[in-house]
Amino acid sequence: MIAAMIAAGIAAMSGVASQAFADDPLAAHRWTSRVLVIVAPESGDPRIEAQRREARAWRADYAERDLVLVEAIGTGTEARRIRNRFGIGERDFRVVLVGKDGDAKLVQAAPIPADRLFSTIDAMPMRRDERRQR
């Protein structure tokens, strides 16, 4: 009887965990990558290209910090899911730094300069551990 209750509890928790994983558009990056998310209402916003330029200019530093760029532009399903996850309005521009744990670490209404981005990442406990191990 107790074993059956434990098994039922584990099955229920697994279902909840898999549903939460399925609902999170960034779940595939959890514990493997930090994510810089550009959220914009439309593709013509010049701030998108400004953040892309930063990413291209600092490509090696992004790679060293396991940082990937994700864009949520427009009103498509994935963009809407990302907006909902971070509570970002439909007409708002935001850049969100997401840690490997999946939590937002920095949210800005303008492109994030590389020095600010890297100093934020380098101050994270997980990043400090990574640097010691390398």
### Query
Do you know which residues across segment 81-103 are surrounded by fewer than 18 Cβ atoms within 10 Å (Cβ to Cβ) and more than 14 Å from Leu26 (Cβ to Cβ)?
Gly87, Gly89, Glu90, Arg91, Asp92
### Task
Can you run down the residue pairs with Cβ atoms below 8 Å, 6 or more apart or on separate chains, where the first is in segment 78-99 and touching a residue at least 40 places away in the same chain (Cβ under 8 Å) and farther than 10 Å from Val39 by Cβ and the partner is part of a strand (DSSP E or B) and of a type outside the set (A, V, I, L, M, F, W, C)?
Leu97/Arg34; Leu97/Lys105; Val98/Arg34; Val98/Lys105; Gly99/Arg34; Gly99/Lys105
## Note on the structure
Residue hits (segment 49-98; hydrophobic (A, V, I, L, M, F, W, C) and farther than 25 Å from Asp23 by Cα) are Ala50, Ala55, Ala57, Trp58, Ala60, Ala63
### Query
Given Thr120, Thr77, which one is at pLDDT 95 or above, closer than 15 Å to Asp24 by Cβ and polar (S, T, N, Q)?
Thr77
### Task
Quick one: which residue in Ala104, Ala114, Ala110 is without any contact (Cβ under 8 Å) to a residue 24 or more places away in the chain and under 17 Å from the mean Cα position of the chain (by Cα)?
Ala104
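The values are calculated or read from the model by the stated rules, or taken from the named source; none is laboratory data. All values reported here derive from a predicted model rather than from experimental measurement. All Cβ positions, even for glycine, are placed from backbone atoms using ideal geometry, and neighbour counts span all protein chains on display.
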